[in-house]
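Visitor: Provided herewith is a single structure, encoded as structure tokens, for subsequent inquiry.
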Amino acid sequence: MEKIAIIGGGIIGLTLANYLDNKKFDVTLYDQSTGQATGASAGIISPWLSKRRNKQWYALAKDGANFFPQLIQDFDLDDSIYQRSGTLLLRKQKQLEELYELAKKRREEAAAIGEIRLFTEAETAEHLPLLKPTAALHISGGGRLDGIAYLQRLRSLAKNKGIHLVNQSITLKQTASLQVVVDKQTVNYDRIILTPGPHLKNLLKPLGYHTDIRPQKGQLLAFQTDYTESANWPVAMLDGEADLIPFAEGKILLGATHENDGSWDLTATKEAFKQLICGASEFLADPARLFSAPYNYRIGTRAYTSDFAPFFGLLRNELLVASGLGSSGLTTGPYIGYLLANYLNGKTITDWSAYQKPLENYIHR
Ligand SMILES: Cc1cc2nc3c(=O)[nH]c(=O)nc-3n(C[C@H](O)[C@H](O)[C@H](O)COP(=O)(O)OP(=O)(O)OC[C@H]3O[C@@H](n4cnc5c(N)ncnc54)[C@H](O)[C@@H]3O)c2cc1C
């Protein structure tokens, strides 16, 4: 059996681990958990109306969103983990009309976008009573993924598959072969797959690689409200940085910040609280009801490349990498994990050029 180590138990690492053929591979997944983006994420799966011009990123995000029905089936994800809740976009009237046209165009190649409708003020408030009456664009295919619940489910499936889950930080060492260093002990593997988010840069440095990755701090607020009917509410992408992501039993997420200066810092700040509630207040029907609910912070570190695009693939035959997922990694991460697993299982070739620039653009000696 081939011995594989996966470094990083976020959305890519755990999805990949679960898609690997357990008759072929003996898999160990190392995860230190600190600063993990997946566990801190807001949960929005709705890439179609992004104005980003990077065609490869859009192809990856579109196919990543298309992949969700298969993911749900393969891992038996219930509504508490993923729900096709629909998405509301709140913008000025003229922008809504432009987005409506864009949505119709994008649907020609992305049926997953679902039904597209311009909502009247009253319809918006009826579908999402958190909001005051405001015109909005509704797309029925948008969804929300609970990152924490997803990882919990995949860890449980991984254990059942015989995958070894090790809660430890590792480093890499190059001697005659590439080795994993755990607690000062070196361990040999046939292949090592690095899915450590922004930590990829530090992991590859001792091997002589320069990696184009920077960490970005993200904070969001998770309110435990007394809204009892929140389970089927749509996600609202507000005009500005704040978005509202309702989950069952009154849990409402408000996020997220994008703090380039924060880099690795994981402390909760009053400034983030202020920024998020200011961003949302003007859209809310009853701001006091939401903001007086008990809340906690979720804080994670996103990985960004210079061109904001993810990368994944073979750095060397025995070393695979995936990182740079930025702020849309819940959408692209599961699909990247699946593609890498398919390659390792022997099912596909490695031409992923439709989805990304060559790996050398991001990692070089
Ligand atoms: C606040 C916030 C909100 C977000 N909202 C959304 C959203 O709404 N929609 C969306 O699509 N995306 C969102 N994202 C982005 C998304 O969460 C990330 O792009 C995605 O989760 C990255 O997944 P990953 O597996 O690459 O990395 P991570 O989830 O960061 O996982 C990497 C793991 O590797 C571990 N690790 C690192 N180094 C080592 C080491 N040396 N040894 C062992 N383990 C190690 C880390 O501790 C971590 O657990 C958000 C991110 C944040 C921070």
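The values are calculated or read from the model by the stated rules, or taken from the named source; none is laboratory data. The structure displayed is predicted, hence computed values, not measured ones. Glycine gets a Cβ as well: all are built from the backbone with ideal geometry, and neighbour counts include every protein chain shown.
Visitor: Determine the pairs where a residue that is closer than 16 Å to residue 224 by Cβ, located within region 277-300, has a partner that is among the small types (Gly, Ala, Ser) and part of a helix (DSSP H, G or I) with Cβ atoms under 6 Å apart, the partner being 6 or more residues away or on another chain.
Guide: These pairs meet every condition: 298/40.
Visitor: From 186, 171, which residue is within 11 Å of the ligand (Cβ to nearest atom), in contact with a strand residue (DSSP E or B) (Cβ under 7 Å, 6 or more places away or on another chain), free of Cβ contacts under 8 Å to residues at least 40 places away in the same chain and of a type in the set (Ser, Thr, Tyr)? Talk me through it step by step, then tell me what you get.
Guide: Working: 186 fails: within 11 Å of the ligand (Cβ to nearest atom).
Unique residue meeting the criteria: 171.
Visitor: Could I ask something else about it? Looking at region 24-46 only, could you name the residues that are more than 6 Å from the ligand (Cβ to nearest atom), closer than 18 Å to residue 337 by Cα and part of a loop (DSSP other than H, G, I, E, B)?
Guide: Selection gives 24 alone.
Visitor: Against the condition of a type in the set (Phe, Trp, Tyr), within 15 Å of the ligand (Cβ to nearest atom) and under 21 Å from the mean Cα position of the chain (by Cα), how does residue 295 come out, does it pass? It would help to see each step written out before you state the result.
Guide: On the way: of a type in the set (Phe, Trp, Tyr): yes; within 15 Å of the ligand (Cβ to nearest atom): yes; under 21 Å from the mean Cα position of the chain (by Cα): no.
No; evaluated as a whole, the condition is false for this residue.
Visitor: If you don't mind, there's one more thing I want to ask. How many residues does region 303-322 hold that are surrounded by 21 or more Cβ atoms within 10 Å (Cβ to Cβ) and out of contact with any helix residue (DSSP H, G or I) (no Cβ under 9 Å at 6 or more places or on another chain)?
Guide: Counting residues in region 303-322 that are surrounded by 21 or more Cβ atoms within 10 Å (Cβ to Cβ) and out of contact with any helix residue (DSSP H, G or I) (no Cβ under 9 Å at 6 or more places or on another chain) gives 0.
Visitor: What strands (runs of 3 or more DSSP E), lying completely within region 198-257, carry at least 1 residues that are of a type in the set (Val, Ile, Thr) and within 24 Å of residue 274 (Cβ to Cβ)? Before you say what the answer is, go through the steps one by one.
Guide: Details: elements: 214-224, 235-237, 243-246, 251-255.
Those strands (runs of 3 or more DSSP E) span 235-237, 243-246, 251-255.
Yes/no matrix, rows are residues, columns are (1) within 20 Å of the chain's Cα centre (by Cα); (2) within 12 Å of the ligand (Cβ to nearest atom); (3) crowded, with 16+ Cβ neighbours inside 10 Å:
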position: 206; (1), (2), (3): no, yes, no
position: 213; (1), (2), (3): yes, yes, yes
position: 219; (1), (2), (3): yes, yes, yes
position: 233; (1), (2), (3): no, no, yes
position: 237; (1), (2), (3): yes, yes, yes
position: 245; (1), (2), (3): yes, yes, yes
position: 254; (1), (2), (3): yes, yes, yes
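Visitor: While we're here: Residue 224 is checked against (1) closer than 23 Å to residue 287 by Cβ; (2) surrounded by 14 or more Cβ atoms within 10 Å (Cβ to Cβ); (3) in contact (Cβ under 8 Å) with a residue 60 or more places away in the chain; (4) not hydrophobic (A, V, I, L, M, F, W, C) and fails just one. What number does that condition carry?
Guide: For residue 224, the exception is condition (2).
Visitor: Could you please let me know if residue 337 is free of Cβ contacts under 8 Å to residues at least 60 places away in the same chain, in contact with a helix residue (DSSP H, G or I) (Cβ under 6 Å, 6 or more places away or on another chain) and not assigned by TED's automatic domain parsing to the domain that holds residue 263? Explain how you work it out, then say what you get.
Guide: Numbers: free of Cβ contacts under 8 Å to residues at least 60 places away in the same chain: no; in contact with a helix residue (DSSP H, G or I) (Cβ under 6 Å, 6 or more places away or on another chain): yes; not assigned by TED's automatic domain parsing to the domain that holds residue 263: yes.
Spelling it out, it is not the case that residue 337 is free of Cβ contacts under 8 Å to residues at least 60 places away in the same chain, in contact with a helix residue (DSSP H, G or I) (Cβ under 6 Å, 6 or more places away or on another chain) and not assigned by TED's automatic domain parsing to the domain that holds residue 263.
Visitor: One residue is enough: does region 85-97 have a residue meeting the conditions within 12 Å of the ligand (Cβ to nearest atom), in contact with a Ser or Thr (Cβ under 8 Å, 6 or more places away or on another chain) and assigned to a helix (DSSP H, G or I)? Break it down into steps so the answer makes sense when it comes.
Guide: At the first step, the residues of region 85-97 found to be within 12 Å of the ligand (Cβ to nearest atom) are 87.
Going one step further and asking which of them are in contact with a Ser or Thr (Cβ under 8 Å, 6 or more places away or on another chain), we end up with 87.
After this cut, where a residue has to be assigned to a helix (DSSP H, G or I) as well, the list is none.
Taking every residue of region 85-97 in turn, none turns out to be within 12 Å of the ligand (Cβ to nearest atom), in contact with a Ser or Thr (Cβ under 8 Å, 6 or more places away or on another chain) and assigned to a helix (DSSP H, G or I).
Visitor: Being exposed (fewer than 13 other Cβ atoms within 10 Å of the Cβ) and assigned by TED's automatic domain parsing to the domain that holds residue 8 narrows it down to one residue among 174, 152; which is it?
Guide: The unique qualifying residue is 174.
Visitor: Could you run through region 177-193 and say how many residues are farther than 19 Å from residue 317 by Cβ and over 28 Å from the mean Cα position of the chain (by Cα)?
Guide: Qualifying residue count, region 177-193: 4.
Visitor: Could you tell me which residue of region 109-139 is farthest from the ligand (Cβ to nearest atom), considering only residues that are surrounded by fewer than 16 Cβ atoms within 10 Å (Cβ to Cβ) and under 25 Å from the mean Cα position of the chain (by Cα)?
Guide: Among residues in region 109-139 that are surrounded by fewer than 16 Cβ atoms within 10 Å (Cβ to Cβ) and under 25 Å from the mean Cα position of the chain (by Cα), the one farthest from the ligand (Cβ to nearest atom) is 115.
Visitor: Can you pull out every residue in region 1-39 that is in contact with a Ser or Thr (Cβ under 8 Å, 6 or more places away or on another chain), of a type in the set (Gly, Ala, Ser) and surrounded by 23 or more Cβ atoms within 10 Å (Cβ to Cβ)?
Guide: 5, 8, 9, 10, 13, 37
Visitor: Can residue 61 be described as over 25 Å from residue 124 (Cα atoms) and either in a loop (DSSP other than H, G, I, E, B) or within 12 Å of the ligand (Cβ to nearest atom) (or both)?
Guide: Judged against the criteria, residue 61 is a match.
Visitor: Considering only region 309-347, how many residues are within 11 Å of the ligand (Cβ to nearest atom), part of a loop (DSSP other than H, G, I, E, B) and more than 15 Å from residue 63 (Cα to Cα)?
Guide: The number of residues fulfilling the criteria is 1.
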